[in-house]
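Read through the structure below, which is laid out as structure tokens, and then see the notes.
Every read-out reported here was derived from the displayed coordinates using simple, explicitly stated rules and does not represent laboratory data. Note that the structure is predicted; figures quoted are calculated from it, not measured. FYI the Cβ positions are ideal-geometry reconstructions off the backbone, even for glycines, and counts take in every protein chain you see.
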Amino acid sequence: MAINRYTKMAYGSADEMIFGKSKFPVKAGLGLEIGGGYTTPEVNYAPRPEAGASKEKLVKEYQRITTDIMNRMVQVGFPAVVLETEHVEQMTNNPTWGGEVAHAQKTIMEEFHDEYGIKCALRHTPGDIREDRDFLELRGDKFNTLMESFEEVASNGADLLSIETMGGKEVFDYSILRNDVPGMLYAIGCLGTMDMDFIWQEIASVAKKNNVVAAGDTDCSEANTAMFIAGGLLDKNLAHTLAIIARAISAPRSLAAYEAGAVGPGKDCGYENTIVKSIAGVPIAQEGKSSTCAHSDVMGNLVMQCCDLWSNESVEYHAEFGGTSVQCWSESLAYDCALMNTATATGKAKDLRDLFTLSDKYRDPQGYVLAYDNAYRVGEAIVKDGNDIYLRAKNAALKSIEIMEEGVAGKLELTRFEKGALADAKAALGALTDDQDTFMSDCMSKYKEEVKVFLPENYGL
Amino acid sequence: MTSLDIDPSEILVRYNVKMEKAMTPEDAAAELYPKDELYRPIAEAIFEGEEDDVIEGLEKAIDAGKNPIALIDDALMVGMKVVTDLYDQGVIFLPNVMMSADAMLDGIDFCKEQSDEAPVSKGKVVCHVAEGDVHDIGKTIVAALLRANGYEVVDLGRDVPVDEVIEAVKAEKPIMLTGTALMTTTMYAFKAVNDRLLEAGLKVPFACGGGAVNQDFVTTYELGVYGEEAADAPKMADKIVAGAGISALKEEFHKH
Ligand code: B12
């Protein structure tokens, strides 16, 4: 499949963007239309560690999880649900395991669909196993195993195919701990995008062949690493102003999946997805206030603003007072969706969207830039140079800086430290060339020397 | 955006802005630099994370007759302590520590090249990420902070098989072993490491941390000491050097 870069916005204005609706809805699974006018919970889970001991135990564990969720959905009267299975490593490394799990889950979902008419779909997310102990190994034998895994899940019941790819991570891990913004730009914007182009064309063909949906990716391995290192307000490991610059740079990188044939819904932990939706018009999954089982969040309400699927990121399967963990969290998600869908039905969706956004917009610079009105502007900066993967990523970074500077002049309070990091980042970006080739070759020599695990052949370089 | 807007101060508190210290990092550092005019530029260069200036300062000091190996403790470590103290106080952030540590390590290499003597470190620590787990950023931070505090670190990397951990402990005889795990599926390797160490009669404190690991879990094995933040690792090592045993470490670092 070919790469078609985005050079235009999907929406005429930020205000057109809303939860539950996307420009290009996606039909998937058993009767679902994602982004077709309603939001749907997407439940994520992890098996108990003991369950990984054998294939039989794993399949059994996922059967229990699936049955529990489906039961709770019908018990409380929810119309639709998506299940996401993020593979544990054994399931991707042994492709038939993933396939058997998908088959077992889908069989149960079909029974519920047949009996109650509940709309549902199954997403499978193989792990990005393309690495050796010390090095990334993006192309080669492991890539082939990964593709077999996609083939197995797609032919055995998975409706939506996703992955969290890691291209650029070796350079990113090095630069993020050194406040090196050009390094982040090279890692995510250039290397990351190149790997996305490579792998997503392949995933899109597997999806096409099996008549399922190539859904999308997330820059978990980089932008979320930055977000987690940045942590809460009082953590001292990374300026939150830098974490959001990494996030802005990740938007054109995650966009590349749709340029290579994916159609959405984007993955839940891609906090860059509001920007991506503004450009590509694809439906997106998001997570926030109802994924505190998996991580703490400084923009938990805000990220609901334009979601189509609403996720809990992940929870280990075990007992809680209210049932099993997957039942408790799926119910919370589904109630959130019921509220959003009520707002849509009563013509109040834009008000609710703005309440979500406003409640976190000034909590942290990350939320400020991702607020849909600002996210839209980052999108415009990306499509302006949509055909140049370097320039568009640089534009995204610079636009996020401009937005924060405006914010500081208004209601966004930053510490002196965060402002200092912002000013340094601006200066570092300002000193960069506009020429992709020059930038790429400068970075190649610099990081080959400084990052010993960086292997250019991973990117066909 | 619709016409809605808010006064954020009614719904959230930017505690970081509220609590930020009045003093700038540069001012705070200036108060801590050594007074000696040969050492001070070296300490400043470490604070700034400028390798070249560190080497230049060392050259000047050596030309003036200072012993290269003594300079490691007298200038490089003193400069680095300014950085780690300010990090502990919340005045500066981790990337500054990382860049300063890189500059300090270059300086140590330079001093070693200038001399035939070998420096004595505060102690050796072996760091690793649990078998099956590739999440290594926390471990990288732990290793950097240990080095920044003058410890020699043997970094085994990520996804390290239990056998390899045991071999390394036998070979290196560290004062402490650290383990990082971010997955509930991988942290059980720590128990295996603990049992194998005990079998081999190696009663070395085994500091364990990382996203998935919690105090309750670490308490279930004898050598384990739970560490919540990377900055706890050098503090634990300092206690060990000062004579603390495993139960004293548990007493101090098990906060929950
Ligand atoms: C970044 C990330 C990744 C990156 C890792 C990049 C890297 N080089 O490390 C990538 C993309 C590679 C990745 C891959 C996977 N990931 Co991941 N990842 C994360 C994420 C988002 C952040 C982790 C992080 O870096 N945090 C920041 C660091 C600094 O924190 P830290 O390591 O905990 O360290 C701090 C402290 O704990 C302490 N510390 C650490 N060690 C020690 C030691 C001592 C002695 C002391 C004192 C202190 C200490 O110091 C640090 C700072 O103070 C988490 C989300 C989360 N909620 O944690 C998921 C998460 C850990 N990943 C998860 C999963 C499932 C995976 C995958 C299996 C996904 C998949 N399907 O492929 C693979 C795993 C592959 C493998 N075999 O390991 C799950 C684990 C769930 C579980 N089973 O427990 C998590 C929790 C996400 C989730 N909610 O589902 N991931």
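Helix A:55-75 and the longest principal axis of the Cα set of chain A meet at an angle near 80°. When the alpha-carbon atoms of the range B:124-253 are used, the pair Rg, Dmax equals 12.7, 35 angstrom. If only the Cβ of Lys and Arg carry +1 and only the Cβ of Asp and Glu carry -1, the dipole of the protein assembly as shown around its Cα centre is close to 1720 debye. What residue among B:31, B:20, B:50 shows peak mean-square fluctuation when chain B is described by a Gaussian network model with Cα springs under 10 Å? Comparing B:31, B:20, B:50 in the GNM, the peak value goes to B:20. Relative contact order for chain B: what percent, with Cα pairs under 8 Å and sequence separation of 6 or more? This gives 14 percent for chain B.
Take every Cα pair under 8 Å whose residues are at least 6 apart in sequence, average their separation, divide by the length of the range B:21-114, and the relative contact order is 37 percent.
Residues A:342, A:241 in ascending order of nearby Cβ atoms (within 10 Å, fewest first): A:342, A:241.
For chain B, the residue among B:138, B:181, B:23 whose Cα projects farthest onto the positive side of the dipole built from Cβ charges is B:181. In percent, rounded to a whole number, the relative contact order of the range B:107-256 is 22, using alpha-carbon pairs under 8 Å and six or more apart. Each 10 Å bin from zero holds the following percent of Cα-Cα pairs in chain B: 7, 27, 28, 22, 12, 3, 1, 0. Using only Cα coordinates, the Kirkwood hydrodynamic radius of chain A works out to 21.9 Å. Determine the sum of side-chain charges near residue B:254: Lys and Arg each +1, Asp and Glu each -1, restricted to other residues whose C-beta is under 15 angstrom from that of residue B:254. The answer is -3. Note down the net charge around residue A:381, summing +1 for each Lys or Arg and -1 for each Asp or Glu among other residues with Cβ under 15 Å from its Cβ. Within the 15 Å Cβ shell, the charges total +1. So, in Å, what gap is there between the alpha-carbon centers of the range A:232-260 and the range A:42-64? Each part's Cα centre sits 31 Å from the other's. Counting neighbouring Cβ atoms within 10 Å and putting the fewest first, the residues A:250, B:9, A:291 line up as B:9, A:291, A:250. Distance from the Cα centroid of the range A:416-455 to that of the range B:68-116 is 24 Å (rounded to whole angstrom).
At an R0 of 30 angstrom, the distance between the Cβ atoms of residue A:15 and residue A:114 translates into a FRET efficiency of 0.15. Straight-line cross-link reach from residue A:21 at under 20 Å between alpha-carbon atoms covers these lysines, not counting any fewer than eight positions away in the same chain: A:8, A:119, A:267, A:277, A:348, A:350.
Adding -39500 (n - 2.57) for every DSSP H run of four residues or longer, then dividing by how many residues chain A holds, sets the calculated 222 nm ellipticity at -16000 deg cm²/dmol.
Roughly how tilted is helix A:416-430, in degrees to the nearest 10 and between 0 and 90, from the longest Cα axis of chain A? The angle comes out at about 70 degrees. In the range A:14-454, what percentage of the DSSP-assigned beta bridges are antiparallel, given to the nearest 5? Counting DSSP beta bridges with both partners in the range A:14-454, the antiparallel share is about 25 percent.
Report, ordered by chain and residue number, the lysines lying within cross-link reach of residue B:18, taken as a straight Cα distance under 16 Å and ignoring same-chain residues fewer than 8 apart. Within the straight-line limit of under 16 Å, residue B:18 reaches these lysines: A:236, A:411, A:419. Going by neighbour counts of Cβ atoms within 10 Å, the residues A:357, B:184, A:7, A:40 line up, fewest first, as A:7, B:184, A:357, A:40. Would you mind checking B:81/B:203; B:124/B:255; A:399/A:426; A:394/A:446 for any pair whose Cα atoms are more than 22 angstrom apart? Violating the 22 Å Cα-Cα cut-off are B:81/B:203; B:124/B:255.
Spin-label model, residue A:235/residue A:209: points 7 Å from Cα along the beta carbon direction are separated by 4.0 nm.
Computed from label points 7 Å out along Cα-Cβ, the spacing between residue A:50 and residue B:242 is 4.2 nm.
Counting Lys and Arg as +1 and Asp and Glu as -1 over every other residue whose Cβ lies under 10 Å from the Cβ of residue B:89, the net charge comes to 0. Report, to the nearest 10°, how far helix A:349-361 tilts away from the longest principal axis of the Cα atoms in chain A, using its own Cα long axis and a range of 0 to 90°. So the inclination is approximately 50 degrees. Working from the Cα coordinates of the range A:1-144, the gyration tensor eigenvalues give, after taking √(5λ), semi-axes of 29, 26, 12 Å in decreasing order. When the charge dipole of the range A:333-439 is built from unit charges on Cβ atoms (+1 for Lys and Arg, -1 for Asp and Glu) and taken about the Cα centre, the candidate among A:415, A:386, A:429 whose Cα reaches farthest toward its positive end is A:415.
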